[in-house]
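Presented below is the structure to which this report refers.
The values are calculated or read from the model by the stated rules, or taken from the named source; none is laboratory data. In this text, all values refer to a predicted model and were calculated from it rather than measured experimentally. Cβ: placed from backbone, ideal geometry, glycine included. Neighbour counts: every protein chain shown.
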Amino acid sequence: MKAADSAKPVGIEVSLAIAEAVKLAEAEVVAAYPITPQTHIVEHLSDLVANGELNAEYVPVESEQSAMSACMGSSAAGARTFTATSSQGLIYMAEMVFIAPMMRLPIVMAVANRAISAPLNIWNDHSDVMSIRDCGWIQIFAENGQEATDMSIISFRIAEDKNVMMPVILNLDGFTLSHFIEPILFPEQDKVRQYLPPYVTDHKLDVKKPMSMGLLGGPEYFTEAKKAANDALLASKPYVTKAFDEFAKIFGRQYKLVESYRTEDAETIIVSMGSISETAMVAVDEMRAAGEKVGLVRLRLWRPFPVEELRAAIGGAKYLAVVDRHFTPGFPEGPVATEIRALMYHEENRPRISNFLLGLGGRDVPRNHFQYIVERAKEIGSTGRQGHFEMVGVNE
C-alpha cells in the first residue's frame, strides 16, 4: 500500500474506523447483532444513525441468522446494505450466507476473524471464514487499519458493479486488528461519492412490478444455477482489480490482489494473509540483513482465488513456507497450502511447499517463528519432500 493523502491521520480504533467508512459509503440499511470481537463496529454505527450522522435504517435483529435475512431483504429491495459478524455468529448465519450470492445480492459484511469453539476462545485465527470458504462470496483480507477502512468502501464498489453484483466479505483479524488504535486517513466525503455513486439496480423487489427470488431449483436447473453463480464469481476478479485501480487514482493508495515484499531474488518465500503479514515483513527485513534470500507474498483476495497473480508471485522460489491460521481436521494440511499446492502441481519447476500453522486461537506469533519456518522450509525442501505440515509453537 502506498499512501498519498494530504489529510491529517486520525488515531482511532480500527472497528470504529470501519463504521466511519460505512458512513462515508452512505449505507442505507445496517442489520446488527453483537458478537465479540466485531461488536464495536455495529455499536458505533448505531451511534452514527442515532445522532443523525448516517441516514440509514438500523435493524437490531435477534440473531445472526436474522441479520443476514434482513440484509437479503433490504438488498433485494435495492438498498445499500451492511452487516458484521464473527466466529460462532458466522456459523449461525451460514444458512443464509450461502443464499445471498445465488440471488446476486451485493451485501457487504465485515468479519472480525475469531476462533470457533470448542474450547471456547474469543481470540483470532481464520477458522470462522475458512469454514464457509465455499459460500460463493467475494472474500478480501485486510492487514492493517488503513486497509480495513479503505476496503470497507472498496467492497461496496466491487459488490455493486453491474458486472459483478455479488456479496463481499471483508476479513479483519479479531482483536489484533479490530481493537487496535491506529492512525487512519479518512477519505473526503465528496471524493467517496465520486468513487462510489448511489446504488441503483434494475433487479429488485417492487410491489408495482412483482417478481420472485430464491425459488425451488430442481435437478433439471440446480447444476446450471450453481455454475452460473460460480462463473459470476470467477468473472468478478478483473472488476476487483478495477476497483482497486480506480481507488488509487482518486485517493492515492494502490492495492493489489497479491502483494510481494522483497521477493525479487528470494529463494524462500513466505505466503500469508491478514495482520500477521506485518510481523512477517519485519522478520523478512531481519533475515535479509543477515544475508538470507527471503521474501513475503501476501494474499489480499481469497475468493475468487487469484490464480495467475499468485503463480507469478511465487513461481521463482525454490521453497515456500505457507502460513495457515486454520487447519483441516482429518487432513494433514491447511486450506491455503492445499490450494497453493494444487495451483503449482503442474508447474515444471514448482517450489517445494511446506505448510505451517501459526497463531491458532490468538496465540502470539513472534518474529522468530517466521525465522523458524523459513529454516524448516529449506531443511524439508532440500530433501525433495513435499507435503510437510507443522503446528508451530505447540507446548511452548
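Check off (1) under 24 Å from the mean Cα position of the chain (by Cα); (2) assigned to a loop (DSSP other than H, G, I, E, B) for PHE370 and give me the number that stays unchecked.
For PHE370, the exception is condition (2).
Among what's in the range 1-20 and is over 21 Å from SER277 (Cβ atoms) and modelled with pLDDT of 95 or more, pick the residue that is surrounded by the most Cβ atoms within 10 Å (Cβ to Cβ). Let's see the steps before the verdict.
Step one: filter the range 1-20 for residues over 21 Å from SER277 (Cβ atoms), giving 4-8, 10-12, 16, 19-20.
Going one step further and asking which of them are modelled with pLDDT of 95 or more, we end up with 10-12, 16, 19-20.
Values: VAL10: 13, GLY11: 10, ILE12: 20, LEU16: 23, ALA19: 29, GLU20: 21.
Ranking the qualifying residues of the range 1-20, first place goes to ALA19.
With the structure loaded, tell me whether ARG133 is touching a helix residue (DSSP H, G or I) at 6+ places or on another chain (Cβ under 6 Å) and basic (Lys, Arg) or whether it fails that test.
no
Would you be able to tell me the number of residues in the range 314-341 that are among the polar types (S, T, N, Q) and in contact with a strand residue (DSSP E or B) (Cβ under 6 Å, 6 or more places away or on another chain)?
Qualifying residue count, the range 314-341: 0.
Output the number of the condition that ALA84 fails; it satisfies all remaining conditions of (1) part of a loop (DSSP other than H, G, I, E, B); (2) aliphatic (A, V, I, L, M); (3) under 23 Å from the mean Cα position of the chain (by Cα).
Every condition holds for ALA84 apart from (1).
Residue check: is THR328 without any contact (Cβ under 8 Å) to a residue 12 or more places away in the chain, within 22 Å of ASP173 (Cβ to Cβ) and either in the same structural domain as SER178 (by TED's automatic domain parsing) or surrounded by fewer than 17 Cβ atoms within 10 Å (Cβ to Cβ) (or both)?
yes
Mind checking which residues of the range 112-121 are surrounded by 22 or more Cβ atoms within 10 Å (Cβ to Cβ) and in a loop (DSSP other than H, G, I, E, B)?
Across the range 112-121, the qualifying residues are ARG114, ALA115.
Of the residues in the range 278-292, how many are surrounded by fewer than 24 Cβ atoms within 10 Å (Cβ to Cβ) and in contact with a strand residue (DSSP E or B) (Cβ under 7 Å, 6 or more places away or on another chain)?
Going through the range 278-292 one residue at a time, the tally reaches 3.
Taking VAL282, is it over 30 Å from LYS162 (Cα atoms), of a type in the set (Val, Ile, Thr) and touching a helix residue (DSSP H, G or I) at 6+ places or on another chain (Cβ under 7 Å)?
So VAL282 fits the description; yes.
Starting from the range 256-277, keep only residues that are basic (Lys, Arg), then list their pairs with residues that are assigned to a strand (DSSP E or B) whose Cβ atoms are within a distance under 8 Å, requiring at least 6 positions of separation or different chains.
Sorted first by the residue in the range 256-277, then by its partner, the pairs are ARG262/VAL294; ARG262/GLY295; ARG262/LEU296.
For (1) surrounded by fewer than 19 Cβ atoms within 10 Å (Cβ to Cβ); (2) β-branched (Val, Ile, Thr), each residue gets a yes or a no:
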residue	(1), (2)
LYS227	yes, no
ASN230	yes, no
PRO238	yes, no
THR241	yes, yes
GLU267	yes, no
VAL271	no, yes
ARG303	no, no
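Can you find even one residue in the range 49-57 that is closer than 24 Å to ARG104 by Cβ and part of a loop (DSSP other than H, G, I, E, B)? If you could, list the steps in order and put the result at the bottom.
Within the range 49-57, the subset closer than 24 Å to ARG104 by Cβ is 56-57.
Subset that is part of a loop (DSSP other than H, G, I, E, B): 56.
For the range 49-57, residues closer than 24 Å to ARG104 by Cβ and part of a loop (DSSP other than H, G, I, E, B): present.
Scan the range 35-45 and tell me whether some residue there is in a loop (DSSP other than H, G, I, E, B) and more than 21 Å from the chain's Cα centre (by Cα).
Here is the first cut: in the range 35-45, the residues in a loop (DSSP other than H, G, I, E, B) are 35-38.
In the following step, the residues that additionally are more than 21 Å from the chain's Cα centre (by Cα) were identified as none.
Within the range 35-45 (the criterion being in a loop (DSSP other than H, G, I, E, B) and more than 21 Å from the chain's Cα centre (by Cα)), the answer is no, since none of the residues qualifies.
Do we find a residue being touching a Leu at 6+ places or on another chain (Cβ under 7 Å) and buried (at least 18 other Cβ atoms within 10 Å of the Cβ) anywhere in the range 74-92?
Scanning the range 74-92 turns up at least one residue that is touching a Leu at 6+ places or on another chain (Cβ under 7 Å) and buried (at least 18 other Cβ atoms within 10 Å of the Cβ).
How many residues are aliphatic (A, V, I, L, M) and either touching a residue at least 60 places away in the same chain (Cβ under 8 Å) or within 22 Å of PRO198 (Cα to Cα) (or both) when one looks only at the range 51-67?
Our first condition is that a residue be aliphatic (A, V, I, L, M); within the range 51-67, this holds for 54, 56, 59, 61, 67.
Going one step further and asking which of them are either touching a residue at least 60 places away in the same chain (Cβ under 8 Å) or within 22 Å of PRO198 (Cα to Cα) (or both), we end up with 54, 56, 59.
Summing the residues that are aliphatic (A, V, I, L, M) and either touching a residue at least 60 places away in the same chain (Cβ under 8 Å) or within 22 Å of PRO198 (Cα to Cα) (or both) in the range 51-67 gives 3.
Please tell me if VAL22 is within 30 Å of LYS226 (Cα to Cα) and touching a residue at least 24 places away in the same chain (Cβ under 8 Å).
no
Would you mind listing the strands (runs of 3 or more DSSP E) fully within the range 122-200 where at least 3 residues are modelled with pLDDT of 95 or more, surrounded by 22 or more Cβ atoms within 10 Å (Cβ to Cβ) and within 13 Å of the chain's Cα centre (by Cα)?
Correct list: 138-141, 168-173.
Pick from ALA70, ALA100, ALA94: which is more than 21 Å from the chain's Cα centre (by Cα), touching a residue at least 40 places away in the same chain (Cβ under 8 Å) and assigned to a helix (DSSP H, G or I)?
Working: ALA100 fails: more than 21 Å from the chain's Cα centre (by Cα); ALA94 fails: more than 21 Å from the chain's Cα centre (by Cα).
After applying the criteria, what remains is ALA70.
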